[in-house]
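The values are calculated or read from the model by the stated rules, or taken from the named source; none is laboratory data. Keep in mind it's a predicted model, so treat the numbers as computed, not measured. Backbone-built Cβ (ideal geometry, glycine too); neighbour counts: all protein chains shown.
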2 protein chains.
Amino acid sequence: MTLLAVGSMAIDSVKTPFGERDESIGGSATYFSIAASFFTKVSLVAVIGEDFPQAELEFLQSRDIDLSGVEKTDGKTFRWKGEYHEDMNIAHTLDTQLNVFENFNPEIPRFLKDVDYLFLANIDPDLQISVLNQIDSPKLVACDTMNFWIEGKNDSLMNIVNLIDILIINDAELCSLAKDKNLLNAAKKVRDLGPSTLVVKRGEFGAILFHEEEIFAVPAFPIKNVIDPTGAGDTFAGGFMGFLTLKGISPNNLRNAVIYGSVMASFNVQSLSFDRLKSLEKVEISRRYEEFSSLLHYDKVQV
Amino acid sequence: MTLLAVGSMAIDSVKTPFGERDESIGGSATYFSIAASFFTKVSLVAVIGEDFPQAELEFLQSRDIDLSGVEKTDGKTFRWKGEYHEDMNIAHTLDTQLNVFENFNPEIPRFLKDVDYLFLANIDPDLQISVLNQIDSPKLVACDTMNFWIEGKNDSLMNIVNLIDILIINDAELCSLAKDKNLLNAAKKVRDLGPSTLVVKRGEFGAILFHEEEIFAVPAFPIKNVIDPTGAGDTFAGGFMGFLTLKGISPNNLRNAVIYGSVMASFNVQSLSFDRLKSLEKVEISRRYEEFSSLLHYDKVQV
């Protein structure tokens, strides 16, 4: 099975209470594909400028990520500068420079038009629709979004939400999209718009999966040293989709995909940028999956 | 096995975005004992004024709660008036009148001195110590507290924390007590003070149990219609301790106790005051426990 991710590749400057890093690579598609690459072959469609570090492209290739859909164009790469204060669930954007991303109009290479699994990372919903129209007959389409599009391009967003299988979104964005502060009510409203499956990311509080008539909820894997939450949501999505691409879709696999997504996010927050993912070994994923499972397990006792 | 709860009985006036109720009965020991009464026989030690409604005392007795340790004294019952705004995790206190509670000096009746399970609800830590000194040799002592005592009576609080088996506390209070914003670090610091077991209540985000070297974490049972969170923490503690009193202490029982505590809290928030607990049937507890278990269950899949 093949997995394609379309989204942003960026150069981030991030400051958290525990460290800072100028000009490291970031972007939703980058984080997503690194996480997914531990499970499956991933192809990436994105745009970068001339300044994107060659060494980082080589790192992505070393993870067997197919970059043939990454367009290198004149100008500078998309840049994001942000800070986290005491509440690490909230990113404060200091500066955004779209640069080459401003004219991003993703063209899916011919050999990727028949992919089975598609992830539309957080980009303009009009571009998400354009990408989807270029894919022949995907088995599974998942999509992320953010408040910027919920507020600024609501109609386009509604169109894409109607066309996808899985919406992966954080809790505040879900409530904003549904205009309902209760998570269950908001989930129902958004699923009524189209996606049969909804994954709600709750940061340090875990995630909830809505699939058919079922709900599955997990806390986050508790982490002592949260250094930098940048990319946690995309890393979650990468683990989630990577696992599904590897194992196929079933109710139990969707639940496991939430666990593997949480595992990948839990590694990512343990370092600045994606340093931790760079050194990550597959055996560490299995070990943390087991630790996570122990933390969730109990044998039922009736009263 | 016998369970004794010592704490406050109160008359509450509460306003939430979904309703309001003047002068309904409340108090930490009241909520605790009603929840626990679905699992085991509970005895209550508290103080009330002459104005405490007789009908409500009869309701407590109808739940087989032993009130022989409840002292009725001249004056008015402890009163609390509060409001919840949009974020129902935060109670805004409008008025507190200690009334007869001001001179509360719990005396444990002779026939209760040999109880096995003791819950010290959120009262002055000096009183918690005094109660503990009156009990012969309890099998298990659990205790709750709040910011008021963490800030105002820290030394006394440290003394009682050193003497108990289980601290049941919310996440913000844990971090305040430990002076550490990371939940895992805070948990370690507080367990180093004495209690072998720590239960951290996270409101709508669930609960975490720390016991020996193990962690167990659950989300909250998702509720569509959260009407009034008053007493949710005490109801959780009541389900938790009620279940342990019924089934005994073991690592797996502690995990199940967290689930039953969550189940009881999930019912309680569905109505103003404890209306929902008044109509609750035991079979509904079993049914929600099963629903909760389905929501947490997955069959492991390795990668």
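Conditions (1) in a loop (DSSP other than H, G, I, E, B); (2) closer than 28 Å to B:Pro251 by Cβ; (3) at pLDDT 95 or above, marked per residue:
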site	(1), (2), (3)
B:Ile123	yes, no, no
B:Ile129	no, no, yes
B:Leu132	no, yes, yes
B:Val141	no, yes, yes
B:Trp149	no, no, no
B:Ile168	no, yes, yes
Would you be able to tell me the number of residues in the stretch B:277-286 that are buried (at least 17 other Cβ atoms within 10 Å of the Cβ) and either outside any helix (DSSP H, G or I) or more than 8 Å from every other protein chain (Cβ to nearest Cβ) (or both)?
2
With the condition kept exactly as written, say whether any residue in the stretch B:231-244 is surrounded by fewer than 23 Cβ atoms within 10 Å (Cβ to Cβ) and assigned to a loop (DSSP other than H, G, I, E, B).
no
Among the candidates B:Tyr289, B:Tyr298, which residue alone is within 13 Å of chain A (Cβ to nearest Cβ), part of a loop (DSSP other than H, G, I, E, B), touching a helix residue (DSSP H, G or I) at 6+ places or on another chain (Cβ under 7 Å) and hydroxyl-bearing (Ser, Thr, Tyr)?
B:Tyr298
In the stretch A:1-20, which residues are of a type outside the set (S, T, N, Q), at pLDDT 95 or above and in contact with a Ser or Thr (Cβ under 9 Å, 6 or more places away or on another chain)?
A:Leu3, A:Leu4, A:Ala5, A:Gly7, A:Met9, A:Ala10, A:Ile11
Need the failing condition index for A:Thr16 against (1) over 18 Å from A:Asp64 (Cα atoms); (2) hydroxyl-bearing (Ser, Thr, Tyr); (3) buried (at least 22 other Cβ atoms within 10 Å of the Cβ); (4) touching a strand residue (DSSP E or B) at 6+ places or on another chain (Cβ under 6 Å), just the number.
(3)
Suppose we filter B:Ile129, B:Ile135 for residues that are within 19 Å of the chain's Cα centre (by Cα), more than 19 Å from B:Leu246 (Cα to Cα) and of a type outside the set (Ser, Thr, Tyr); which single one remains?
B:Ile129
Within the stretch A:187-213, track down each residue that is modelled with pLDDT of 95 or more, crowded, with 21+ Cβ neighbours inside 10 Å and either more than 19 Å from the chain's Cα centre (by Cα) or in a helix (DSSP H, G or I) (or both).
A:Ala187, A:Val190
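Yes or no, residue by residue, for (1) within 17 Å of the chain's Cα centre (by Cα); (2) touching a residue at least 60 places away in the same chain (Cβ under 8 Å); (3) farther than 27 Å from A:Glu212 by Cα:
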site	(1), (2), (3)
A:Asp87	no, no, yes
A:Thr93	no, no, yes
A:Asn103	no, no, yes
A:Leu140	yes, yes, no
A:Trp149	yes, no, no
A:Lys153	no, no, yes
A:Ile169	yes, no, no
A:Glu173	yes, no, no
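Among the strands (runs of 3 or more DSSP E) lying completely within the stretch A:1-99, list those that include at least 3 residues that are under 29 Å from A:Ile223 (Cβ atoms).
A:10-16, A:19-26, A:42-48, A:79-84, A:91-97
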Could you tell me how many of the residues in the stretch B:267-276 are part of a helix (DSSP H, G or I) and of a type in the set (A, V, I, L, M)?
0
